Every structure is written in structure tokens, then in C-alpha cells.
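Asker: Right, I'll just put the structure down here and ask away after.
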Amino acid sequence: MTRKPELMAEFDDWLTIRSLPLDKAREHLTDIGRVGVPIDDVAVFQTSGTSGEPAVIVLSESFVEYAYGIMLARFERYHRKLVRDVRNLGARVTITGGRGHFAGNGFNKLVQRLNPRLAKGFGVTFVEAEQPIGQIVDRLNAIGNVAWIVTYPSMLAILAREKETGRLRIEPALFTTGGETLTDDLRERVKRAFPSLKYGIADPYGCTECLALSFECSHGRKHVNEDWVILEAVDEAMQPVPDGTLSATVLLTVLANEVQPFIRYDLGDCVQFDEDSCTCGSPFRSIQVEGRQATLVRVGGVTLSPLVFNLEHDQAQRIQLVQTGEWDFELRIQLAEGAAAGPVFQEVIASVKRVFRDNGLDDVTVRTGEALPEFTGSGKFHEVLPLRNTGSRT
């Protein structure tokens, strides 16, 4: 199996071409004006670095063709009707990081350059996720007829809250999420907040290393594109786990990228293959994705999911819990306009400590932070930032 740190250390030997050394790729990635601009005949993106150093991803022209071709090939009659209806209803908006060469906006800009007619058909409006929530709400309200939003689950939670308060007035028919774990609780909350969701929430599974890793069928299952992708669910010892068992990680082999081969590449995601076949009729196996190992909080011998912390307060726009040591945490809060910091911090810290106590962790320190919550480079917002582990997989 292979891991990102080792592959990045041997980047120049990893690529099957010799025209793109790492220093040339990194120089390209420092120029924000060149997002979506190919270098010679390859596209270059970077990962967000959620679990460590960002990876530099190189995609060939044939891979770009594959990514769009495989998406269209997997369309069922349901999907074609969905796309046609949503286009007729209004605008498509992508809320993602706008300050780097990330796949969320970079791939669409690449297609705009290579095939303007195809890009025009998708009609995407970009909104930067890093800007203040009030500005995002004003921008969406100004667009008005927003029919389709593509974004991260963390941003989806914010939009649901803004809709519940009445500040957000749009009536979308479809959300598509990616890049983070979409929980069942959030899915239900969003459906309640947006009764206009005729087509619900699509949540395909992919990554920058393989943009078309899977597709979501009309029955809501995530099917692996097994004619172009090999995905292995394994345990801590890198041994296969049976279908129906949650993996410790997953190994990815991409059969469509001849420029930068990913072979048994450790993604760090916890997945579970379904034991039964899907009634949609697809011959490809389906999976459930539980999230990333890198997002788990470890204190002593206890491991906690970030989902156990309730980091919402009606006087706060964003709340973030940052692990600064094994037993030490810092709380960062972006307050709502006119809110008093003291009571908000006090109430949220009490809530966080209660979670730790319920899990037998009485000696955890949670202090007030002065910094504002931070985003990843790609515009994702993680409510909980675990302690960096230099020995992490990816």
C-alpha cells in the first residue's frame, strides 16, 4: 500500500512524465490567477490538507474526459429528468473555497477553458465559503432563483440555520454535498428547513485523487465505479474486512490516471460495503462512508467522533473546538452581531466539558480562545480540529 507522505517525497519519480517536477508544480499552485489553467497537457490541483500536508494532484487530459464521461454514462432516466428540471427552475450555485487550486472550483474552471459550451450548460455561479455568513446569505438572496447548491455539509448546516431564522429566503430544489461526512441528523434538519427540496440531497463520494470515484443512484446508494476504480476496505493491519463491516481505512487504486498512478493509496476514510445488491440494478457494489480517521478526537485511551459535540449557540455564527494538546482544548467563536462573548463562551465550554465527563474524561482543560475559527485552504469549516498526528496515514 502507499501513503501520501512517501509519494510526495518521491514526486518526480512518482509521475510517469518528466516535464512537471515538483518545484514547477508548486510554483504554478502559488499563482491564484492560474486556477484551472493546465500546464502543457495536464491539470494540477491540490488537496485541502485536512489530515496533514496537501498533496499535489496531476490529472491527464484523458482523465478529465473520463471524469465527465463516466458521470454521464451512469445517468439513469431519473438523473436526466432531475438535471433538466433543476436547470429550468433556476441557477446552480457552488459554495466552496475560492482561494486555492482545489478541485471544488478548479475543475469547473478547467472545463470552462477547455469546453466553454459544456461549462455554459452547467451554468455555475461561485460563492466563496470563507466570507462572512451574512454576505453569503445576501449573495444567495440577491440571486433569488437558486435551484441547486453544491457545497460542503458544514456549510449546509449553516444554510439550514439561516433558513430557520428567516434570514435566508431561497427555495432550492436540490443540494449536492461532498468533501465531508453528511450525517442523517443533518440531512433531516435540512429537509425540514427547506421543504422546497423536490430532489433532496445528493451526496456522492469522491476525492481530488479520483473525482469520479463513485456515483449515487436513484435509490440513494453510493456505487463505486468499479470498472475504473478499485476500492479495498481494510482493517488496521491492512487486511480485507468482509462486506457489512466498517473499515479502519480504505485503499484506492485509480485505473484512469496514467500520469500519476494511485495504487493501493491509503485514503484514511472509514467505509462499509453493503452486503446486498441494490434494486437500481447496477452491477457495481455500493458503500456507506462514515468519515475520516483524521477527524477523530483522541484523549488518553478514549476516541470521540466530532459529532458528539453540540457546537451551536443562537448568539454565535461559527464555533470551533481546537485540540492543542492531548488533554487541552481551545474554543474559538465568531459571535453574532451584538452578542456578549462571556456568556456564550461559558455556556459552550460547559457543554463541551459535559461531553468529556460523560465519556470518563474529567481532567480535560477547555479554555477561551482569542483567534477566530479557521477554514481549511479549500474553504471547508471543521467544527472540531483534532491534534495533528505526525504519524497519521494521510
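The values are calculated or read from the model by the stated rules, or taken from the named source; none is laboratory data. All values derive from a computational prediction rather than experimental measurement. Here the Cβ positions follow ideal geometry from the backbone for every residue, glycine too, while neighbour counts run over all protein chains shown. All accessible areas refer to the heavy atoms of the entire protein, side chains included, with ligands and DNA or RNA removed. Shrake-Rupley method; radii C 1.70, N 1.55, O 1.52, S 1.80 Å.
Asker: Just the projected area, averaged over all directions, of the convex hull on the alpha carbon atoms of region 237-347: how many nm²? Provide the component values of the computation, followed by the final result.
Answerer: Working: hull surface 48.4 nm².
Its Cα hull, projected and averaged over all orientations, spans 12.1 nm².
Asker: For the peptides 242-250, 12-20, what is the packing order when you average, over each peptide's residues, the other Cβ atoms within 10 Å and list the highest mean first?
Answerer: Packing proxy ranking, top to bottom: 242-250, 12-20.
Asker: Over the chain, with a Gaussian network built from C-alpha contacts below 10 Å, which listed residue (337, 180, 290) shows the highest mean-square fluctuation?
Answerer: 337
Asker: Probe radius 1.4 Å, ligands and nucleic acids ignored: give me the carbon and sulfur share of the accessible area of region 174-261 as a rounded percent.
Answerer: Using a 1.4 Å probe with all protein chains present, region 174-261 comes out at 51 percent carbon and sulfur.
Asker: Pull out a ≥ b ≥ c, the square roots of the eigenvalues of the alpha-carbon gyration tensor of the chain, then state rounded if a/c is under 1.5, prolate if not and a/b is larger than b/c, and oblate in the remaining case.
Answerer: Rounded.
Asker: Solvent-accessible area per residue for region 180-314 at a 1.4 Å probe radius, Å²?
Answerer: Using a 1.4 Å probe on heavy atoms only, each residue of region 180-314 averages 44 Å².
Asker: If each DSSP helix of 4+ residues adds -39,500 (n - 2.57) and the sum is divided by the residues in the chain, what number results at 222 nm, nearest 500 deg cm²/dmol?
Answerer: One gets -8500 deg cm²/dmol as the mean residue ellipticity at 222 nm.
Asker: Arrange the residues 217, 207 by how much accessible surface each exposes, largest first, with a 1.4 angstrom probe.
Answerer: The ranking, largest first, comes out as 207, 217.
Asker: Once label points are set 7 Å from the Cα along Cα→Cβ at both residue 27 and residue 328, what is their separation, rounded to one decimal in nm?
Answerer: With each label point 7 Å from Cα toward Cβ, the separation is 4.1 nm.
Asker: Also: Accessible area of region 280-369 with a 1.4 Å probe: how many percent of it is carbon plus sulfur?
Answerer: Exposed carbon and sulfur together represent 44 percent of the surface.
Asker: Suppose the chain between residue 77 and residue 274 were pulled fully straight at 0.36 nm per residue; how much longer would it get relative to their current alpha carbon spacing?
Answerer: Numbers: separation 197, 0.36 × 197 = 70.92 nm, distance 2.38 nm.
My answer for the length gained is 68.5 nm.
Asker: Considering only protein heavy atoms, with the full assembly of protein chains and a 1.4 angstrom probe, order 109, 198 by accessible area, largest first.
Answerer: Final ranking, largest accessible area leading: 198, 109.
Asker: Determine the share of region 1-107's accessible area contributed by carbon and sulfur atoms, expressed in whole percent, with a 1.4 angstrom probe. Present the calculation step by step, with values, prior to reporting the outcome.
Answerer: On the way: 2600 of 5080 Å².
That fraction is 51 percent.
Asker: Normalised by the number of residues in the chain, what is the relative contact order in percent for Cα pairs under 8 Å and 6+ residues apart? Mind dumping the intermediate values first?
Answerer: Values: 729 pairs, mean separation 62.3, N = 394.
Normalised by residue count, the contact order of the chain is 16 percent.
Asker: Once you put a point 7 Å from the Cα of residue 302 and another 7 Å from the Cα of residue 165, both along the Cβ direction, what distance in nm separates them?
Answerer: 3.2
Asker: To continue, here is another question. Just read off the accessible area of residue 101 with the full protein assembly in place, 1.4 Å probe, to the nearest 10 Å².
Answerer: 0
Asker: Tell me the per residue accessible area of region 1-93 using a 1.4 Å probe; a whole number in Å² is fine.
Answerer: 51
Asker: Follow-up. Pop a pseudo-label 7 angstrom from the Cα along the beta-carbon direction at both residue 138 and residue 68 and give the gap in nm to one decimal.
Answerer: 3.6
Asker: Assign one of three labels to region 142-186, namely rounded, prolate or oblate, based on the Cα gyration tensor with a ≥ b ≥ c the square roots of its eigenvalues; rounded applies when a/c is under 1.5, prolate when it is not and a/b is larger than b/c, and oblate otherwise.
Answerer: Oblate is the answer for region 142-186, as a/c is 1.5 or above yet b/c matches or exceeds a/b.
Asker: Subtracting the Cα-Cα distance from 0.36 nm times the residue separation, let me have the gained length for residue 37 to residue 3 in nm, one decimal.
Answerer: On the way: separation 34, 0.36 × 34 = 12.24 nm, distance 2.72 nm.
Extending this stretch completely gives an extra 9.5 nm.
Asker: Next question. Suppose the chain between residue 371 and residue 128 were pulled fully straight at 0.36 nm per residue; how much longer would it get relative to their current alpha carbon spacing?
Answerer: Between residue 371 and residue 128, full extension yields 85.4 nm more.
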